[in-house]
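Below is one structure, written out as structure tokens, with a few remarks after it.
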Amino acid sequence: MSLVAEAFVSQIAATEPWPENATLYQQLKGDQILLSDNAASLAVQAFLQMCNLPVKVVCKANAEYMSPSGKVPFIHVGNQVVSELGPIVQFVKAKGHSLSDGLDEVQKAEMKAYMELVNNMLLTAELYLQWCDEATVGEWEVKRKMKAIGWGNKTLDQVLEDVDQCCQALSQRLGTQPYFFNKQPTELDALVFGHLYTILTTQLTNDELSEKVKNYSNLLAFCRRIEQHYFEDRGKGRLS
């Protein structure tokens, strides 16, 4: 999208209030939704909950084909359709809702760096487990992409070590704070929750990935905190 088009979309978005019938689309639960897509969907849901913006979650078998980018999740708000966390954060910001406006420029740069870490490590590990683990059925195209970024020939032990290093960095940054930037959540908190909660609550071919996360008690407490505060109406309590 060109800068002019982005500015036009932002202008339109800013003039319309958030509707009560906003909808988030993702794949069907169960075998159809991939680990990485489930994490992405939960991150967006958490972000919207943190912004106090209502959204109805709809699971569709053909959700990715309905998305403008071919990726899920995506939201349908008024006459706008926006997919993936980054563009959704910008779309919501254009409507006057931002979780990171209170951060200074140094903190914003730090937040973006940690979001890159999560996407480079946790997201890539999820993709690895989906397609490259010998215990799962892989697709050639995804394996080719994994090799292109240096992950295709990694062993499961190496992937788990990368995940552990990522969790260690996140744990150190979080410390004893309720959220990564003290008392108020940002989009980083939504992203981390989406990935960690999905890893902790999804049944995989082995439990080594979730065991890595469980080694960090403050990350577990962080996930419980967000689940209880923003998703209590679901009655899940899966981390209790």
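Taking the Cα centre of the chain as origin, sum charge times position over the Cβ atoms of Lys and Arg (+1) and Asp and Glu (-1), and report the length of that vector in debye to the nearest 20. Intermediate values should be presented prior to the final figure.
Working: 22 positive and 29 negative charges, 67 e Å.
Here the chain has a charge dipole of around 320 debye.
What net charge do the residues around residue 169 carry, taking every other residue with its C-beta under 14 Å from that of residue 169, with Lys and Arg at +1 and Asp and Glu at -1?
Local net charge: -3.
Given a Förster radius of 41 Å and the C-beta distance between residue 23 and residue 109 as r, what FRET efficiency does 1/(1 + (r/R0)^6) yield to the nearest 0.05? Walk me through the intermediate numbers first.
Details: r = 33 Å, r/R0 = 0.81.
For residue 23 and residue 109, the calculated efficiency is 0.80.
Using only alpha carbon pairs under 8 Å that are at least six residues apart, calculate the relative contact order of the chain and give it in whole percent.
Values: 289 pairs, mean separation 52.5, N = 240.
Value for the chain: 22 percent.
Which translational diffusion coefficient, to the nearest whole µm²/s, is obtained for the stretch 143-240 from the Stokes-Einstein equation, given a Kirkwood hydrodynamic radius over C-alpha pairs, 10 °C and 1.306 mPa s?
It comes out at roughly 109 µm²/s.
Based on the mean of other Cβ atoms within 10 Å per residue, sort peptides 49-60, 144-155 so the most packed one is first.
With the highest mean Cβ count within 10 Å placed first, the list reads 49-60, 144-155.
Sort largest first and round to whole Å: the equivalent ellipsoid semi-axes of the chain, each the square root of five times a Cα gyration tensor eigenvalue.
Output for the chain: semi-axes of 28, 22, 18 Å.
Given the convex hull of the Cα atoms of the stretch 138-196, what is a quarter of its surface area in nm²?
Reported value for the Cα convex hull: 5.2 nm².
Read-outs throughout are calculated quantities, based only on the coordinates presented, and are distinct from any laboratory measurement. The shown structure was predicted, so the numbers you read here are calculated from the model rather than taken from an experiment. For neighbour counting, all protein chains shown are included, and Cβ atoms are generated from backbone atoms with ideal geometry for every residue, glycine included.
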